[in-house]
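Before any comments, here is the structure.
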Amino acid sequence: MYWRGHVGIALFAYAPVAGAVRLAGEPELTVLGAAVAVAFSTLPHLDHRLPVAHRGPTHTVAFAVVGGAFVALAAAVASLAGGGLALAAATPAGTALPPWTPVFAGGVAALALCSHVAGDAITPMGIRPFRPFSGWHLTLDLTPAANPSANRLFLGIGVAAIALSVGLTP
């Protein structure tokens, strides 16, 4: 997949979470989660700029777990150090993000990274999601990564899913 497809798949994966968080009365957190999902949806393509194989270590479940843990830890440290001001600036005056925001951000980052792996699993090249623990190769061979129609379709589905999940909640 290319960036449009990965963003769409990440938004699709995040949509049920967004709806639940919105129903829980945390609209600011819903928006923060969407931003995190979009931001981390293409992070595995950092491998294009690193001396590692494409669809190598950055396209694994282990990378998603470590990436999510790193985001949670960084958000917790920033919050404790008063660096949460950037997040607080995005919320209306008098409201505060819940104390579990760092865990939420880390979970959404891990979800977005896993959605990237899933998006690449549908291409002929496929992925090895459990490397280095297993060399198992997964490909559903549904569409080439460069298929512009498939990438636009996934983006549209993701945008529609997030809009419906947030729009259907009070």
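Going by the conditions given, is residue 132 part of a loop (DSSP other than H, G, I, E, B), at pLDDT below 95 and either surrounded by fewer than 14 Cβ atoms within 10 Å (Cβ to Cβ) or not aliphatic (A, V, I, L, M) (or both)? So residue 132 fits the description; yes.
Let me confirm something: among 10, 39, 64, 53, which residue is outside any loop (DSSP other than H, G, I, E, B), touching a helix residue (DSSP H, G or I) at 6+ places or on another chain (Cβ under 9 Å) and either surrounded by fewer than 20 Cβ atoms within 10 Å (Cβ to Cβ) or on the phi > 0 side of the Ramachandran plot (or both)?
Numbers: 10 fails: either surrounded by fewer than 20 Cβ atoms within 10 Å (Cβ to Cβ) or on the phi > 0 side of the Ramachandran plot (or both); 64 fails: either surrounded by fewer than 20 Cβ atoms within 10 Å (Cβ to Cβ) or on the phi > 0 side of the Ramachandran plot (or both); 53 fails: outside any loop (DSSP other than H, G, I, E, B).
Being outside any loop (DSSP other than H, G, I, E, B), touching a helix residue (DSSP H, G or I) at 6+ places or on another chain (Cβ under 9 Å) and either surrounded by fewer than 20 Cβ atoms within 10 Å (Cβ to Cβ) or on the phi > 0 side of the Ramachandran plot (or both) holds for just one of 10, 39, 64, 53, which is 39.
For the range 109-127, a tally of residues being surrounded by fewer than 21 Cβ atoms within 10 Å (Cβ to Cβ) and either assigned to a loop (DSSP other than H, G, I, E, B) or polar (S, T, N, Q) (or both) returns 3.
From the list 93, 78, which residue is modelled with pLDDT under 95, out of contact with any Phe, Trp or Tyr (no Cβ under 9 Å at 6 or more places or on another chain) and assigned to a loop (DSSP other than H, G, I, E, B)? Write out each step before concluding.
Details: 78 fails: assigned to a loop (DSSP other than H, G, I, E, B).
Answer to the check: 93.
Evaluated against (1) assigned to a helix (DSSP H, G or I); (2) of a type outside the set (Asp, Glu); (3) crowded, with 21+ Cβ neighbours inside 10 Å, residue 164 falls short on exactly one condition, (3).
Of all residues in the range 150-170, those that are at pLDDT 95 or above and among the aromatic types (Phe, Trp, Tyr) have Cβ atoms under 6 Å from Cβ atoms of residues that are buried (at least 18 other Cβ atoms within 10 Å of the Cβ) and not in a loop (DSSP other than H, G, I, E, B), 6 or more apart or on another chain, in 154/5; 154/8; 154/9. Among the residues of the range 135-149, those that are assigned to a loop (DSSP other than H, G, I, E, B), in contact (Cβ under 8 Å) with a residue 12 or more places away in the chain and under 22 Å from the mean Cα position of the chain (by Cα) comprise 139, 140, 142, 143, 144, 145, 146.
Within the bounds of the range 24-39, is there any residue that is within 26 Å of residue 123 (Cβ to Cβ) and not hydrophobic (A, V, I, L, M, F, W, C)? Show your work before the answer.
Step one: of the range 24-39, the residues within 26 Å of residue 123 (Cβ to Cβ) are 34, 36-39.
Going one step further and asking which of them are not hydrophobic (A, V, I, L, M, F, W, C), we end up with none.
Looking through the range 24-39, none of the residues is within 26 Å of residue 123 (Cβ to Cβ) and not hydrophobic (A, V, I, L, M, F, W, C).
The values are calculated or read from the model by the stated rules, or taken from the named source; none is laboratory data. Quick caveat: nothing in here was measured; it's all calculated off a predicted structure. Using ideal geometry, Cβ is built from the backbone for each residue, glycine included, and neighbour counts are taken over all protein chains shown.
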